[in-house]
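What follows is calculated from the coordinates using simple rules that are stated; it is not laboratory data. In this text, all values refer to a predicted model and were calculated from it rather than measured experimentally. Here Cβ is always computed from backbone atoms with ideal geometry, including for glycine, and neighbour counts include all displayed protein chains.
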Amino acid sequence: MVSEPVPTPEQANAIDRRSVLWRCCAVGAVGVVGVVAGCSSDNDQSVGNQQETGGASDQGSGQPGGGAQGQALAKTSQIPVGGGMVIAARKIVVTQPTAGDFRAFSAVCPHRGCLVSQVSGGRITCPCHGSVFSASDGSVQQGPANLPLDKVNIRVEGDSIAPA
Ligand code: FES
């Protein structure tokens, strides 16, 4: 008959500590995963609310105009005088403050990163918290944003507007 060795009291304590430590780590890991999943969920919801308008057929890369350098953004006839168009897939807003004068800006609001959604009356509006920017130069007309929209260089060739 073979008998198991009986652990000394010190060995028994060490086993208990390892057991408790393992359980704490396992619970901690689950907690971290839960927190990360929670953050991800919040961000996904925020991004979903940003999708407004399209106008381009390619996919963006996270930067204004991203991934489609040089490809046309819009036709000049699509941009109303005094207004503009948000090209969500490219994260660019193109405006025409006066006839024949086309401008472009990042459509990413500098406040918290929503895409601007409307251009009318010479104003570009962010739907998330109500910031308003000038369609002429991207400057802040109304907060909470305190930085202007970044300018995007464009070129107009015939009836086509493309990133410069
Ligand atoms: Fe545009 Fe807040 S993200 S106003």
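Fewest first, what order do 103, 155, 112 take by the number of other Cβ atoms within 10 Å? Intermediate results must be reported in sequence, preceding the final value.
On the way: 103 21, 155 11, 112 14.
Lowest to highest Cβ neighbour count: 155, 112, 103.
For the stretch 85-164, the square roots a ≥ b ≥ c of the C-alpha gyration tensor eigenvalues yield an a/c of 1.5 or more together with a/b exceeding b/c, which makes the shape prolate.
Put in line by how crowded their Cβ is, counting other Cβ atoms within 10 Å and starting with the fewest, 140, 116 read 140, 116.
Ranked by how many other Cβ atoms sit within 10 Å of their own Cβ, fewest first, the residues 154, 92, 79, 87 fall in the order 154, 79, 87, 92.
Projecting the Cα atoms of 100, 162, 144 onto the dipole axis of the stretch 92-164, where Lys and Arg carry +1 and Asp and Glu carry -1 at the beta carbon, places 144 farthest toward the positive end.
Amide H contacts of residue 73: 161, 162, each under 5 Å away and 5 or more positions distant or on a separate chain (H built 1.01 Å from N in the peptide plane; Pro and chain starts excluded).
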